Amino acid sequence: MGMSRLSQALTAREIRELVSADLERVEREIQLESIASVEAVTKISTHLQGNGGKRLRPMLLLLVNKLVGETTDSAIRLGAVVEMIHAATLIHDDVIDDAKTRRGKPSANVLWGNQTCVLSGDWLYMQAFQIALRQRNFAVLDILISLTQMMVEGELLQLERIGKIDVTEADYMELVDRKTASLFSACARLGALVGGASDADEARLGEYAWNLGMAFQLVDDVLDFTARESILGKPVANDLREGKVTLPLIYALAEGTPQERELVATVLRESSYERVPLARILTLIGRYQGIERARQRAHAFTEKARAIISSFPESAYQRALYTVTDLITERDH
């Protein structure tokens, strides 16, 4: 682009300000569309929406939409759709994981119970699709249906692998693709689609966001081992306690001794760090540079994302999408 990294850089606040008015419209749309005839559904949705969150997915959709054209009402509605789908997945994930907290507060399943939360998540999914259906656009529905199938398949694959120590890097990447990167990609494709982008540009922006989503999840899994609970909003090293072997540990296990593998196996069997303290697991990961290697993989994905977005004409929105890649990898929660 002929520009220095410094001249490209925007702060997180500057990026958000580019779409702040549109994000407010998305928020209003979510609030309006989350009102159900059954009070529990409305309360759970309100609890989730008021429980923080970066609104990264609708923001990505809006930035891409503005990159290729003017913001449309369809982009606002689809911003609400992707956030509602994301909220539904969070509700279901917390039930499946028997989570106790979400962003530092009691999770919905703790407050309302598993049965109510599963049905409320289903309602949010269907409400999101009802909003999308109003667009009368088969391409939009095609993206969303494929996305939902990918995400559900990812959850099923994760359930099959819970508690297993022999998870490979390829297994892990498949899960990240289905559970996280596919949603990021869909957000970008939807923003490009309703902004009038060409098929080629829609595909490129989808690939940009897919790489962004892969990096996002890798950083999440690093932070699970490195962040403080007060910042992370959930217990540290919770993934392993829940039976999930993520990339920093996969790297360590690939080179570890049978005795070291048994340490991890014990935590997986007992779902606790009582017999094998967390410090021993962190030492194991550190011995084989698991954190550093996972961060390097995340940076490799963001480099691909930057290369793609750099090929688009320079604008405030293009610079914002470029800078988002750094914000993803350098965040602390």
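The values are calculated or read from the model by the stated rules, or taken from the named source; none is laboratory data. Keep in mind it's a predicted model, so treat the numbers as computed, not measured. Heads up, the Cβs are rebuilt from the backbone with ideal geometry, glycines too, and the neighbour counts pull from every protein chain shown.
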Can you tell me which residue is modelled with the lowest pLDDT among those in the range 42-51 that are under 15 Å from Val26 (Cα atoms) and surrounded by fewer than 19 Cβ atoms within 10 Å (Cβ to Cβ)?
Gly50
Taking the range 251-273 on its own, how many of its residues are of a type in the set (Ser, Thr, Tyr) and part of a helix (DSSP H, G or I)?
2
Is there a residue being among the basic types (Lys, Arg), surrounded by 17 or more Cβ atoms within 10 Å (Cβ to Cβ), over 30 Å from Val245 (Cβ atoms) and in contact with a Phe, Trp or Tyr (Cβ under 7 Å, 6 or more places away or on another chain) anywhere in the range 64-75?
yes
Of all residues being aliphatic (A, V, I, L, M), touching a residue at least 60 places away in the same chain (Cβ under 8 Å) and in contact with a helix residue (DSSP H, G or I) (Cβ under 8 Å, 6 or more places away or on another chain) in the range 157-174, which is surrounded by the fewest Cβ atoms within 10 Å (Cβ to Cβ)? Just the residue, please.
Leu159
Go over the candidates Ile308, Ile250, Ile231 one by one and state the one that is closer than 29 Å to Val19 by Cβ, at pLDDT 95 or above and touching an Asp or Glu at 6+ places or on another chain (Cβ under 7 Å).
Ile308
Failed criterion for Ala128 (all others in (1) under 22 Å from the mean Cα position of the chain (by Cα); (2) modelled with pLDDT of 95 or more; (3) surrounded by fewer than 21 Cβ atoms within 10 Å (Cβ to Cβ) hold):
(3)
By residue number, the members of the range 274-327 that are in a loop (DSSP other than H, G, I, E, B), hydrophobic (A, V, I, L, M, F, W, C) and without any contact (Cβ under 8 Å) to a residue 40 or more places away in the chain are Val276
With (1) modelled with pLDDT of 95 or more; (2) under 23 Å from the mean Cα position of the chain (by Cα); (3) within 16 Å of Ala186 (Cα to Cα) as the list, and Leu56 as the residue in question, which single condition is left unmet?
(1)
Test of understanding: among Arg261, Arg269, which residue is over 24 Å from the mean Cα position of the chain (by Cα), closer than 23 Å to Ala170 by Cβ and touching a residue at least 60 places away in the same chain (Cβ under 8 Å)?
Arg261
Yes or no: the range 286-298 includes at least one residue that is under 30 Å from Leu67 (Cα atoms), out of contact with any Leu (no Cβ under 8 Å at 6 or more places or on another chain) and of a type outside the set (A, V, I, L, M, F, W, C).
yes
I'd like to check something: does the range 236-244 contain any residue that is modelled with pLDDT of 95 or more and farther than 29 Å from Arg102 by Cβ?
no
Scope the range 300-322; condition within 30 Å of Ala237 (Cβ to Cβ) and either touching a Leu at 6+ places or on another chain (Cβ under 7 Å) or buried (at least 16 other Cβ atoms within 10 Å of the Cβ) (or both); matching residues:
Phe301, Thr302, Lys304, Ala305
Sort out which residues of the range 46-80 are of a type in the set (D, E, K, R), in contact (Cβ under 8 Å) with a residue 24 or more places away in the chain, part of a helix (DSSP H, G or I) and out of contact with any His (no Cβ under 8 Å at 6 or more places or on another chain), and write them in order of number.
Lys66, Arg77
Residues that are assigned to a loop (DSSP other than H, G, I, E, B), of a type in the set (S, T, N, Q), closer than 22 Å to Asp93 by Cβ and more than 14 Å from the chain's Cα centre (by Cα): does the range 227-249 have at least one?
yes
Return the residues of the range 10-41 that are among the β-branched types (Val, Ile, Thr) and surrounded by 16 or more Cβ atoms within 10 Å (Cβ to Cβ); say none if nothing qualifies.
Ile15, Val19, Val26, Ile30, Val41
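One line per residue, one yes/no per condition, for (1) surrounded by 22 or more Cβ atoms within 10 Å (Cβ to Cβ); (2) farther than 24 Å from Leu284 by Cα; (3) touching a residue at least 24 places away in the same chain (Cβ under 8 Å):
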{"residue": "Val176", "(1), (2), (3)": "yes, no, yes"}
{"residue": "Leu193", "(1), (2), (3)": "yes, yes, yes"}
{"residue": "Asp199", "(1), (2), (3)": "no, yes, no"}
{"residue": "Glu207", "(1), (2), (3)": "no, yes, yes"}
{"residue": "Asn211", "(1), (2), (3)": "yes, yes, yes"}
{"residue": "Glu229", "(1), (2), (3)": "no, no, no"}
{"residue": "Pro235", "(1), (2), (3)": "no, no, yes"}
